Amino acid sequence: MNIIFRKFVFMAQTPSTMLDLGTKAPDFRLRDMNSNHTLSYADSKGKKGTLLIFMCNHCPFVHHVLPEIIMINNDYRLQGISVVGINSNDAEKYPEDSPEKMVEFAFENKIEFPYLFDQTQEVAKAYQAACTPDFYLFDSRDRLVYRGQLDASRPGNGIPLSGNDLRNAIDGLLYNRKINPDQKPSIGCNIKWK
């Protein structure tokens with residue numbers, strides 16, 4: 001356990017850039033590794049909101065939060081919130097994040113939402129994504145209402161996963177409540193740029 005703890009403590013920790021609230025969601029057309037179809041933002045969006053998560057297969061921060069991400073998808077999809085994962089890592093330098101490995105990762109972890117491959121990294125740049133995981137919640141008009149952390153839990157810090165920061169924002173969107181603009185950045189591995 002101490003070895004794993006040390007591994008997490010000494011990893012580089014990159015914060016999200018905190019794209020301006022109110023930003024309109026940049027469009028995209030990316031291949032979904034779960035369905036093998038190409039999806040645009042419009043194809044992926046939910047009736048009441050859309051949660052985009054920049055993630056990848058190998059990041060320990062993603063592995064740490066994945067159970068809560070899957071629960072959020074299960075808890076909110078019937079309420080009109082769509083969850084979409086996007087992998088923008090350089091698959092040539094990091095073959096564990098290749099499209100083939102994305103298929104395996106999605107299957108092994110029972111990821112039922114679209115898991116898109118951003119081969120050119122243009123989508124990550126358009127969203128100013130910096131780390132994995134990086135969370136972006138858009139309303140039904142495709143305006144950014146939340147970006148930042150899932151919750152305060154990190155690998156090795158002993159705080160249990162709750163998803164409370166992100167869940168509070170989703171609930172605010174669903175129940176027409178004010179979403180707190182004081183949002184904390186997500187922390188994770190940096191996106192592996194080409």
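Checking the condition modelled with pLDDT under 95 and either crowded, with 17+ Cβ neighbours inside 10 Å or at positive phi (or both), which residue from 155, 133 passes?
Details: 133 fails: modelled with pLDDT under 95.
Selected residue: 155, the only one of 155, 133 that is modelled with pLDDT under 95 and either crowded, with 17+ Cβ neighbours inside 10 Å or at positive phi (or both).
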Taking region 158-173 as the search range and keeping residues that are in a helix (DSSP H, G or I) and either at pLDDT below 95 or in contact with a strand residue (DSSP E or B) (Cβ under 7 Å, 6 or more places away or on another chain) (or both), which one is nearest to residue 82 (Cα to Cα)?
170
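Identify the residue in region 115-134 that is of a type in the set (Phe, Trp, Tyr) and in contact with a helix residue (DSSP H, G or I) (Cβ under 6 Å, 6 or more places away or on another chain) and, among all such residues, is nearest to residue 162 (Cα to Cα). Break it down stepwise before answering.
Keep residues of region 115-134 that are of a type in the set (Phe, Trp, Tyr), which gives 115, 117, 127.
Of the ones still in play, those that are also in contact with a helix residue (DSSP H, G or I) (Cβ under 6 Å, 6 or more places away or on another chain) are 115, 117.
Working: 115: 23, 117: 27 Å.
Filtering region 115-134 for residues that are of a type in the set (Phe, Trp, Tyr) and in contact with a helix residue (DSSP H, G or I) (Cβ under 6 Å, 6 or more places away or on another chain), the one nearest to residue 162 (Cα to Cα) comes out as 115.
Taking the stated definitions as given, is residue 7 at pLDDT below 95 and not acidic (Asp, Glu)?
On the way: at pLDDT below 95: yes; not acidic (Asp, Glu): yes.
When the stated conditions are applied, residue 7 passes them.
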Go through region 109-127 and count every residue that is under 19 Å from residue 72 (Cβ atoms) and among the acidic types (Asp, Glu).
1
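Among residues belonging to region 20-57 that are of a type in the set (A, V, I, L, M) and out of contact with any Gly (no Cβ under 7 Å at 6 or more places or on another chain), point out the one that is surrounded by the most Cβ atoms within 10 Å (Cβ to Cβ). First the steps, then the outcome.
Just the residues of region 20-57 that are of a type in the set (A, V, I, L, M), to begin with: 21, 25, 30, 33, 39, 42, 51-53, 55.
Keeping just the survivors that are out of contact with any Gly (no Cβ under 7 Å at 6 or more places or on another chain) gives 21, 25, 30, 33, 39, 42, 51-52.
Details: 21: 13, 25: 20, 30: 24, 33: 24, 39: 18, 42: 12, 51: 25, 52: 27.
It comes out as 52.
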Could you grab me the full set of residues in region 174-193 that are in contact with a Leu (Cβ under 8 Å, 6 or more places away or on another chain) and either surrounded by fewer than 16 Cβ atoms within 10 Å (Cβ to Cβ) or basic (Lys, Arg) (or both)?
181
Looking at region 80-95, can you tell me whether even one residue there is more than 16 Å from the chain's Cα centre (by Cα), surrounded by fewer than 16 Cβ atoms within 10 Å (Cβ to Cβ) and closer than 25 Å to residue 164 by Cβ?
yes
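Is there a residue in region 66-81 that is farther than 28 Å from residue 176 by Cα and in contact with a Pro (Cβ under 8 Å, 6 or more places away or on another chain)? So that I can check it myself, show each step before the final result.
Here is the first cut: in region 66-81, the residues farther than 28 Å from residue 176 by Cα are none.
No; the residues of region 66-81 include none that is farther than 28 Å from residue 176 by Cα and in contact with a Pro (Cβ under 8 Å, 6 or more places away or on another chain).
The values are calculated or read from the model by the stated rules, or taken from the named source; none is laboratory data. Keep in mind it's a predicted model, so treat the numbers as computed, not measured. With ideal geometry, Cβ positions are generated from the backbone for all residues, glycine too; neighbour counts draw on all protein chains shown.
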